[in-house]
Every structure is written in structure tokens, then in C-alpha cells.
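Report on the structure given below.
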Amino acid sequence: MKRPKLMLALAVVAILAVVVLALGKGWLGDRLGAGDISNTRRPLSFQNALTKAQHEAAVGIGGSQTGAEPIAPMKQILFGDLHVHTTFSLDAFMTSLPVMNGEGAHPPADACDFARFCSALDFWALTDHAEGMTPWQWKETKKAVRQCNAVSGDPKDPDLVTFVGWEWTQSGTIPANHYGHKNVIFKDTEEERLPVRPIASRSPQGAPSCRAHLGADFWQRVGISLAAPGGNRSYYLDFTRFHADRFANRACPENGDVHSLPADCYESVATPAKLFAKLDQWGFESMVIPHGTTWGNYTPGGSSWDKQLIGNQHDPKRQYVFEVYSGHGNSEEYRPWRALNYDKENKPSCPDKGDDFLPSCFRAGEIIEARCLKEGLPAAECKKRAAQARQNYADLGNAGHLTIPGATIHDWKDANQCRDCYLPAFNYRPGGSAQYALALTNFDDAMKPKQFRFGFISSSDNHFARPGTGFKEVSRRGNTESSWVMDADVKKWLPEPEPRPLAKSIPFDRNDTKFDPVQYVEMERLSSFFTTGGLAAVHAKGRSREEIWQAFERREIYATSGERMLIWFDLLNAPGGTSKPMGAAVTLAEAPRFQVRAVGAFKQKPGCPQYSQTALGPKRLARLCKNECYNPSNERKLIERIDIIRIRPQTKAGEDVAQLIQDPWKTFKCPPNANGCSVTFTDPEFPAQGRPATYYARAIQEPAKMINADNLRCTRDANGDCKSIKPCTKIEGVPLEDDCLANKDSRAWTSPIYVSPAR
């Protein structure tokens with residue numbers, strides 16, 4: 001009798017072992033494909049109506065009003081989104097899970113249909129994270145992009161142009177090794193004109209980034225599979241397959257030409273210089289677009305653009321476009337404060353509190369000191385503990401909040417936030433701003449000083465396959481990233497529980513903890529800073545892929561906060577008696593004269609046009625578009641003012657950047673006029689100053705309700721200090737159906753015009 005029981009027990013153990021192995025290896029899940037794209041293009045009547053309305057707007061706002069040379073013939077203004085993720089990205093797949101308030105898979109096919117029938121874009125790019133992307137997914141990505149282009153009609157006049165690329169998602173631990181996130185976009189889509197594999201980032205420790213901070217190990221996959229709610233188990237099994245595929249993808253050799261590497265290996269590099277070198281080896285036309293440069297959720301405090309002008313860390317032939325705004329916030333404005341200071345040995349310290357900025361490290365000391373005094377301890381002891389708390393926070397950097405046990409989002413108030421920036425990124429890092437970058441000069445080679453010359457765009461950075469989400473301020477759950485915060489009852493899944501409050505700071509050791517990577521980020525506060533995102537606009541000679549790409553190369557492009565405002569910015573007295581549009585770089589001996597013309601976006605009608613309803617059908621329209629589409633009326637919003645920003649790049653090492661950025665340099669109030677606003681101005685100081693100057697315009701449209709426009713919703717005292725917050729997060733009881741609307745103006749940022757003095 002014992003032998004049969006033993007055999008049965010061994011059989012049960014063997015079966016359980018096989019089941020566990022299958023769960024850990026992801027064998028029970030399916031690979032999610034690119035999906036099916038609707039085989040319908042937008043009606044030509046829709047496209048023609050918008051082109052006609054745009055021409056009428058340009059005529060209505062007029063040309064030069066100064067008697068100067070005529071403006072060049074009007075080009076089409078086309079709108080797009082070059083920063084879009086689907087569930088081919090690990091973070092997007094994770095947030096699509098029901099446990100993260102997700103709504104299920106959104107593959108590349110969804111993005112194509114959304115761009116065509118929901119947001120009615122003219123172009124977009126698929127830029128899933130390269131980190132961990134498998135060879136199979138890269139093939140599916142390219143196939144989906146080709147299918148999306150194939151249903152767009154005549155390539156010379158398509159309804160939608162789709163580009164392909166990836167996001168290079170680098171994150172450093174200190175400013176010295178941080179370069180940030182960049183989208184790599186390719187001009188062509190033919191197989192022979194694209195890399196065999198995407199190029200991911202590597203962590204400062206040398207490991208591929210997905211393995212450094214995004215990966216789940218074998219037992220985590222088993223746990224996810226077993227803990228998944230029964231009704232959704234199959235989707236969680238697909239997620240474990242997704243993870244397992246990434247960890248099975250072997251790393252490429254670190255050195256060697258891209259052509260000599262195995263086709264199916266995982267390729268990664270640690271710096272922009274190495275990324276540019278590999279793109280040079282491929283030899284294909286591409287753009288590299290930095291983004292999220294002020295996002296403090298992953299950017300170390302004190303980071304700046306300076307090191308990216310050293311050596312080959314900048315490639316002006318590829319890196320000539322800057323994403324100034326997205327659904328993760330604004331990265332335009334410079335401020336002189338820093339969240340952390342670093343010495344020459346890269347040791348961090350905590351700055352003092354200022355009148356307009358409260359560093360989180362400083363706030364950490366305030367929290368501990370208040371707790372200490374409440375317990376009746378001596379004031380001297382409490383001050384000592386406060387100082388230690390500030391240093392503990394600084395030592396841990398972006399995850400410094402973990403050194404203050406039991407601190408709530410209310411304890412932090414508005415620490416680390418830019419109080420006077422327009423829709424700022426969370427935990428703002430001003431050294432990564434566009435204005436700071438444009439003010440820099442590198443003098444390592446005195447005969448050839450280096451500067452950045454960017455054109456500006458905005459994007460959505462949407463992770464639910466929804467390009468161009470800013471057309472209407474609806475659906476915080478699907479059109480922003482606000483749903484990333486987990487349900488409160490799911491926190492029990494995390495490896496370590498939330499600690500209880502203590503009256504002293506506790507140093508946090510990343511190497512001796514079971515904390516999940518999501519716990520390193522201040523997710524609850526962060527969720528209040530997500531907006532619907534912006535748009536890239538191009539002044540193109542036509543609608544073709546080639547003509548759109550040429551507009552980017554000319555930097556004849558601009559950014560909007562989501563609304564389809566029309567804007568023209570021209571230098572009227574360019575050399576040779578001509579005018580030059582935004583993005584131009586010229587040399588002048590006289591004072592430059594400029595003109596800005598801006599027209600407001602169309603007000604939107606509720607619902608979707610009939611062509612969207614017909615193409616998608618009721619069920620897909622509801623899931624993908626949330627029954628709301630780009631649906632313009634004939635009435636335009638008003639332009640309230642136009643700001644001019646002047647930046648004079650450094651002409652000697654060490655020149656104070658704060659004194660070189662004038663924002664605004666000039667401001668023009670616009671009378672109420674549905675036809676828009678037109679202003680002209682000159683810079684009479686330019687000839688005598690004898691130094692380069694960079695100019696760009698910012699058009700401000702009348703306020704309207706916007707999602708998360710008031711981010712933390714601070715209640716402030718007479719001094720402007722935040723006394724309490726009401727964050728827009730489910731943890732605080734705010735339902736996902738609440739869009740957390742507040743009044744805010746919409747904006748458009750022109751690309752700069754770069755003017756150098758004649759020698």
C-alpha cells in the first residue's frame with residue numbers, strides 16, 4: 001500500500017513542478033500580436049474641408065503688416081504625434097492589467113485606428129520601448145506600421161502617414177550618468193531601410209535597462225499567475241509570457257558592428273554617443289528626439305544638459321527636434337533652483353528652501369522634525385534628526401521618500417514642484433529644460449564651440465495606443481496615464497508593506513530590500529500631473545512622408561498643448577531680401593524683424609463624425625474612442641496673447657544661464673478676434689550686442705477646462721506656500737470617472753529662429 005501512495009505523491013509533485021515551471025516560463029500564455037487594422041481610410045471630403053478652413057484662416061490673419069518682403073507661399077499645417085506606446089511596451093502592458101485599473105490589451109492596430117478615426121491625425125509614430133523588445137515583436141511592429149500605411153491611400157496624398165521607431169529609455173542614478181529618454185524615428189518603413197533589431201539603453205551599472213528596473217523574475221511570474229483574479233487569468237498568463245520572452249532574449253556582444261551581430265539578440269548601449277554610432281553604422285535616415293527631460297520621476301535631481309554637449313554625446317544631424325511638452329507635463333521653462341546639489345565627487349546635498357521652491361529633501365527634514373517635537377524630544381535633537389533626514393533623502397535620490405517611514409502624499413505637499421510653470425512635469429528638473437539647453441555653449445574646442453539648435457514639438461506619450469489624445473478633455477482613464485496607481489486592496493501584492501510613521505529617518509538600502517520597482521516612484525502624487533498630451537505640427541509642402549520629413553529637417557515645426565492652433569513665425573528681413581520661417585538659422589548685420597500670426601483651434605462638437613462610426617462600429621468606437629472623436633465645429637477659440645522669448649547663448653564659459661533667458665522678453669495682448677492675432681516686432685539691441693540670439697513665440701489661447709490642469713490642487717496661504725493638497729488619485733477616493741477638470745489656457749510653441757551677428 002505504501003508504494004502506490006508514494007508513487008501517487010511523486011506524480012502529484014511532478015505535476016505541480018511542471019505547472020510551476022510552465023507558469024514561471026510563461027508557457028501557458030499567448031504572445032499578443034499587432035492586431036487587425038480597419039481597412040478604411042478617412043473620406044477625402046473631411047481632409048479637403050480642413051485644408052480649405054486652414055487656407056481661409058491664413059488669408060484671414062493676413063501676411064506682413066510692415067511693408068516688408070512678402071511671406072513665402074503658404075504650406076499645409078499637418079498635425080501628428082511622434083511618441084506613442086502600445087502593449088508591446090512593458091510598462092504599457094503592466095498598466096493594461098485589471099489590477100492597475102487597466103482595460104486590457106491595446107496593440108499597434110488600435111493606435112492606427114485611433115489616429116485615423118478618433119483623433120484624426122495626419123501623421124504619427126509607433127515608439128514602443130526598445131528595452132526588452134523581442135525580435136518577434138519588432139517584426140510585428142514593422143508589419144503593423146506597413147499595414148497602417150497601406151490602407152492610407154495614395155502615398156503622395158495619404159490620409160495618414162505612419163512612422164516607425166522605438167524609445168531609448170535611459171535612466172541614470174546621479175546627474176553624471178543620466179542622459180534621459182529619446183525617441184528614435186526612421187524615415188522609411190521598407191525592411192531593407194530599417195535596423196534588424198532596436199537598440200535599447202543600458203543602466204549605469206552595465207545591465208540592460210529592462211533587466212535593471214523593469215524585469216520580473218521566475219517566482220514573480222509564478223506569483224502573478226497564481227494571484228490573478230479568475231476571470232482575468234488568461235490575460236495575466238499572457239503577461240507572464242510577455243515577461244518570460246524578454247528574459248529569454250539573449251544579450252548581444254557589447255562591441256562589434258551592428259551588421260555582424262546575431263539578428264535575434266538584444267542590443268543595448270549606455271550613452272547617446274554609442275547610440276549615434278550604431279545609427280551611423282546602419283546608415284538609415286533617422287531622428288533622435290529627447291523627451292521628458294525635466295521629469296523628476298526618473299531624472300536625478302541636479303541633472304542638466306551640459307554633459308550632452310561634451311564629445312560625441314550630441315549628434316546635430318540626427319538630434320535636431322526637442323519634445324517640449326507631453327502628457328507627462330511641460331519641459332520648456334528654466335528656473336535657477338535645484339532639487340539636489342552635487343559636488344565634484346558626485347556626493348549629493350540638500351539645498352535650502354526658497355521663496356518659490358520647496359525641495360523634497362528639505363521637506364523630509366521638516367516632516368521628521370515635526371514628528372520628533374510631537375513626541376516631546378528636545379529641540380536640538382529634533383534639528384539633528386531633521387538634518388540627517390535631509391541627507392538620507394539626498395543620498396537615495398529619486399526614491400528619497402522611502403527614507404521617511406509612513407509619510408503620506410499629504411505630508412509632502414507640493415515639495416519638488418515648479419509652482420509657477422505651465423502644466424509642469426512632476427518633480428521638475430529645470431536643468432533639463434528646453435530653455436536651459438538653448439542657452440548653453442560648450443567651449444572645449446575654442447575654435448568650434450558647440451550649441452544645441454532644436455525645433456520644438458509636443459507629443460502624447462500615451463501608453464494605451466491612443467495617438468493625439470488632446471483633441472478633447474475627456475476620459476482621464478484612457479487619454480492620460482492617471483490610472484497607473486494601483487487599487488488600495490492590491491498593495492498587499494507588493495513584496496513589502498507600507499512602513500509605519502517614525503520620528504526619525506531610516507536610510508534605505510536598494511540592495512537589501514524586497515520593494516517592488518513601482519514603490520520607488522511617488523505614483524500617487526505623480527498621477528495628478530498627467531494631462532492628455534500635446535501635438536507636433538509641421539509646415540509641409542504636401543502630405544507625403546517625404547514632405548513631412550523635410551519639414552522636420554528644416555525645423556519648420558511647432559508644438560501645441562493638444563489644441564490644433566495655427567501659428568506662423570517668420571523673420572522678415574532675412575539675408576537676400578527674403579523671409580525665413582521658424583527653425584531657420586541666419587546671420588544678420590542689422591536688427592532682426594519678426595512677425596507672428598496665430599489662429600485659435602476649432603471648438604469641438606460632442607461625439608464622433610459619421611465616418612468614424614461607420615468605420616469602427618459601435619463596440620470598437622466605445623472602447624477605443626470612448627465615443628468621443630476630433631469633431632470640429634466652424635467656430636474658433638480666441639488667442640489672448642503672444643509671448644516672445646529671447647535667449648542669448650553663452651559666449652564665455654561659466655556665464656550665468658539665468659541671466660541669458662528672457663521669458664517673456666516681449667508680450668503682446670491680442671484683441672478678441674475670431675480671425676486670430678498678428679504681431680510684428682524687432683530687436684534693436686541685437687547689432688550692438690554682437691552676440692547670437694535665439695527667438696521663439698508662444699501663443700496663448702483662451703482658458704478652458706483641462707484634465708489635471710491644477711495638478712495637486714493646493715490650498716495656499718498668503719505667502720503662496722501649499723498648506724494642503726487634494727491630489728487626483730484613486731487612492732484618495734477620486735473615481736477614475738472624475739476627470740479632475742480645471743480652467744487652463746492652451747498653448748503653441750514655435751520652433752526658434754537662430755540669429756548670429758555678422759562678423
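Key figures
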{"item": "Wholly within the range 652-747, strands (runs of 3 or more DSSP E) carrying at least 1 residues that are under 28 Å from Arg338 (Cβ atoms)", "result": "661-669, 693-707, 722-724"}
{"item": "Any hit, the range 736-756, residues being at pLDDT below 90, surrounded by fewer than 21 Cβ atoms within 10 Å (Cβ to Cβ) and in the same structural domain as Leu572 (by TED's automatic domain parsing)", "result": "yes"}
{"item": "Filtered residues of the range 636-683 (kept if farther than 19 Å from Tyr695 by Cα, of a type in the set (A, V, I, L, M, F, W, C) and either buried (at least 17 other Cβ atoms within 10 Å of the Cβ) or in contact with a strand residue (DSSP E or B) (Cβ under 8 Å, 6 or more places away or on another chain) (or both))", "result": "Leu638, Ile639, Cys670, Ala674"}
{"item": "Tally of residues being among the polar types (S, T, N, Q) and buried (at least 24 other Cβ atoms within 10 Å of the Cβ) across the range 436-469", "result": "5"}
{"item": "Ala394 vs. criteria surrounded by fewer than 17 Cβ atoms within 10 Å (Cβ to Cβ) and part of a helix (DSSP H, G or I)", "result": "no"}
{"item": "Which listed residue is in the same structural domain as Arg716 (by TED's automatic domain parsing), modelled with pLDDT under 95 and not hydroxyl-bearing (Ser, Thr, Tyr), from Ala446, Ala407", "result": "Ala446"}
{"item": "Check on Arg564, within 24 Å of Ala748 (Cβ to Cβ), at pLDDT 95 or above and part of a loop (DSSP other than H, G, I, E, B)", "result": "yes"}
{"item": "Conditions (1) closer than 23 Å to Val538 by Cβ; (2) of a type outside the set (Phe, Trp, Tyr); (3) assigned to a strand (DSSP E or B); number of the one not met by Glu635", "result": "(1)"}
{"item": "Criterion violated by Arg390 - all others in (1) in contact with a helix residue (DSSP H, G or I) (Cβ under 6 Å, 6 or more places away or on another chain); (2) not assigned by TED's automatic domain parsing to the domain that holds Pro348 satisfied", "result": "(2)"}
{"item": "Residue in the range 659-681 that is at pLDDT 95 or above and farther than 30 Å from Leu638 by Cβ present", "result": "yes"}
{"item": "Residue identified as closer than 30 Å to Ser458 by Cβ and either free of Cβ contacts under 8 Å to residues at least 60 places away in the same chain or touching a strand residue (DSSP E or B) at 6+ places or on another chain (Cβ under 7 Å) (or both) among Lys307, Lys347, Lys317, Lys353", "result": "Lys317"}
{"item": "The lone exception for Pro606 - which of (1) crowded, with 23+ Cβ neighbours inside 10 Å; (2) assigned to a loop (DSSP other than H, G, I, E, B); (3) on the phi < 0 side of the Ramachandran plot it fails", "result": "(1)"}
{"item": "Selection count, the range 343-364, where residues are part of a loop (DSSP other than H, G, I, E, B) and buried (at least 18 other Cβ atoms within 10 Å of the Cβ)", "result": "5"}
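Residues checked against (1) under 29 Å from Ser746 (Cα atoms); (2) assigned by TED's automatic domain parsing to the domain that holds Leu82; (3) out of contact with any Gly (no Cβ under 8 Å at 6 or more places or on another chain):
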residue	(1), (2), (3)
Gly292	yes, yes, no
Asn297	yes, yes, yes
Ser303	yes, yes, no
Lys307	no, yes, yes
Asn312	no, yes, yes
Pro316	no, yes, yes
Val321	yes, yes, no
Gly327	yes, yes, no
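The rows are residues; the columns are (1) over 23 Å from the mean Cα position of the chain (by Cα); (2) more than 27 Å from Val145 (Cβ to Cβ); (3) in the same structural domain as Val679 (by TED's automatic domain parsing).
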| site | (1), (2), (3) |
| --- | --- |
| Leu535 | no, no, yes |
| Ala540 | yes, no, yes |
| Ile548 | no, no, yes |
| Glu553 | no, no, yes |
| Glu556 | no, no, yes |
| Met565 | no, yes, yes |
| Asp570 | yes, yes, yes |
| Gly577 | yes, yes, yes |
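The values are calculated or read from the model by the stated rules, or taken from the named source; none is laboratory data. Note that the structure is a prediction, hence the values are computed from the model and not measured. All Cβ positions, even for glycine, are placed from backbone atoms using ideal geometry, and neighbour counts span all protein chains on display.
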